[in-house]
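In what follows, a structure is listed as structure tokens, so that the remarks can point back to it.
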Amino acid sequence: MTTKNNYILGIESSCDDTSAAVLCNTKVLSNVVATQEVHKKYGGVVPELASRAHQQNIVPVVHQALAKANIDKKQLSAIAFTRGPGLMGSLLVGTSFAKSLALALNLPLIEVNHMEAHILAHFIKDEEMSIPPFPFLAMTISGGHTQIVKVNHYFDMEVLGETLDDAVGEAFDKSAKLMGLPYPGGPLVDQYAKMGNPHAFLFPKPKVKGLNFSFSGLKTSILYFLQRETRSNPNFAQENLEDICASIQYTILEILMEKLKDAAEQTGIKHIAIGGGVAANSGIRARLENARENLGWTTYIPKFQYCTDNAAMIGIVGYLKFLENRFTDQTVAAKARYAVGV
């Protein structure tokens, strides 16, 4: 690899966070994220409102990222952006801005798959993070996706299993909503679970063949459970919040870990990485730490700021593609569905 300083501007706008980052090779110089508060009162992301907020945020966010990095836009080597997957309206804002800026500055343009970026975030140079060797297994867990991926090289990935319906992050958020918790509810479930009994209530684990996942049935069982209990005690959820959260989290983590163990056994790979917003969950992080001793795995857990949607992960993929001259042109269009490894 070259020792020359290459400055990559990364832009991320796949859902409801507008983010821009500047990387010097593999080192993050800035990583600015503007979170949209407008969705809280609706209990979930409203696509139209998300795209409008991106339009308001993207210029100041990019400006702030360049300023924090102490880099002039004329020093940039390339511009990387999230092409997909995600909400089409949100993706269009980031894609259009990146194309326009690249055209104005006469810079190479690099498209990035959002889910691949969650995986390759592990290659950001950071003293607190270890870099996994190839091949390794990556479990990407977020509000919109749940996958187990075999990573043979930076751009050689194979999806071994994925959700057949809802994503794990959605299962957390919807369960939280059923208990009257505000959006986003996943972090709150994690917070309350720390103080509860994970075995207080039993929820069924869906039986899905292979390495695929399913969470729709679990959500339904939680709904029926809460409806049944609140008929006899309207305050049941509030009075048992910690135990319910702990039991839900325990069930979800059991599902994830069982599939991950199966994948490790089938492939013989013991280098295991996680990524995506749910990778910030304290329970899954603790489970992976325990797996180091109990299962002989070498685990790779990203820093919190690289778990949720952020542009630093887009920037690192941009840099890796820049080294291989993997550029795109001005005809590129956003893709709401964008498969890993394609």
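How about the stretch 265-280: which of its residues are at negative phi, open to solvent by 10 Å² or more (accessible area, probe 1.4 Å) and not hydroxyl-bearing (Ser, Thr, Tyr)?
If we filter the stretch 265-280 for residues that are at negative phi, which is where we start, we get 265-267, 269-275, 277-280.
Checking which are open to solvent by 10 Å² or more (accessible area, probe 1.4 Å) leaves us with 265-267, 269-271, 277-278, 280.
If the condition is that a residue be at negative phi, open to solvent by 10 Å² or more (accessible area, probe 1.4 Å) and not hydroxyl-bearing (Ser, Thr, Tyr), then GLU265, GLN266, ILE269, LYS270, HIS271, GLY277, VAL278, ALA280 are the ones that fit.
LEU49 fails exactly one of the following numbered conditions: (1) touching a residue at least 60 places away in the same chain (Cβ under 8 Å); (2) on the phi < 0 side of the Ramachandran plot; (3) not hydroxyl-bearing (Ser, Thr, Tyr). What is the number of that condition?
Condition not satisfied by LEU49: (1).
Just to be sure, is VAL332 among the aliphatic types (A, V, I, L, M), open to solvent by less than 20 Å² (accessible area, probe 1.4 Å) and more than 30 Å from GLN191 (Cα to Cα)? Walk me through how you get there before you give the answer.
Numbers: among the aliphatic types (A, V, I, L, M): yes; open to solvent by less than 20 Å² (accessible area, probe 1.4 Å): yes; more than 30 Å from GLN191 (Cα to Cα): yes.
So VAL332 passes the test.
Given the structure, is ASP190 part of a helix (DSSP H, G or I), surrounded by 16 or more Cβ atoms within 10 Å (Cβ to Cβ) and acidic (Asp, Glu)?
Values: part of a helix (DSSP H, G or I): yes; surrounded by 16 or more Cβ atoms within 10 Å (Cβ to Cβ): yes; acidic (Asp, Glu): yes.
Answer is yes for this residue.
Could you check the stretch 317-329 and list, in sequence order, the residues that are of a type in the set (D, E, K, R) and open to solvent by less than 40 Å² (accessible area, probe 1.4 Å)? First the steps, then the outcome.
So the first thing to find is which residues in the stretch 317-329 are of a type in the set (D, E, K, R), and the list is 321, 324, 326, 329.
The one that is of a type in the set (D, E, K, R) and open to solvent by less than 40 Å² (accessible area, probe 1.4 Å): LYS321.
Between THR230, THR251, which is part of a helix (DSSP H, G or I), buried (at least 17 other Cβ atoms within 10 Å of the Cβ) and polar (S, T, N, Q)? Break it down into steps so the answer makes sense when it comes.
On the way: THR230 fails: buried (at least 17 other Cβ atoms within 10 Å of the Cβ).
The conditions single out THR251.
Counting just the residues of the stretch 96-153 that are among the acidic types (Asp, Glu) and over 18 Å from SER19 (Cβ atoms), which one comes out least open to solvent (accessible area, probe 1.4 Å)?
Initially, the stretch 96-153 is screened for residues among the acidic types (Asp, Glu), giving 111, 116, 126-128.
Still in the list and also over 18 Å from SER19 (Cβ atoms): 127-128.
Working: GLU127: 191, GLU128: 143 Å².
By that ranking, first place goes to GLU128.
Give GLY186, GLY217, GLY169 a once-over and let me know the one that is farther than 23 Å from ALA80 by Cα, in contact with a Ser or Thr (Cβ under 6 Å, 6 or more places away or on another chain) and at pLDDT below 95.
Details: GLY186 fails: in contact with a Ser or Thr (Cβ under 6 Å, 6 or more places away or on another chain); GLY217 fails: in contact with a Ser or Thr (Cβ under 6 Å, 6 or more places away or on another chain).
Sole residue among the options that is farther than 23 Å from ALA80 by Cα, in contact with a Ser or Thr (Cβ under 6 Å, 6 or more places away or on another chain) and at pLDDT below 95: GLY169.
The values are calculated or read from the model by the stated rules, or taken from the named source; none is laboratory data. Remember, it's a predicted structure, so these values are computed and weren't measured experimentally. As a convention, Cβ positions derive from the backbone with ideal geometry for all residues, glycine included, and neighbour counts pool all protein chains shown. Calculation scope for accessible area: heavy atoms of the full protein, side chains included, ligands and nucleic acids excluded. Shrake-Rupley method; radii C 1.70, N 1.55, O 1.52, S 1.80 Å.
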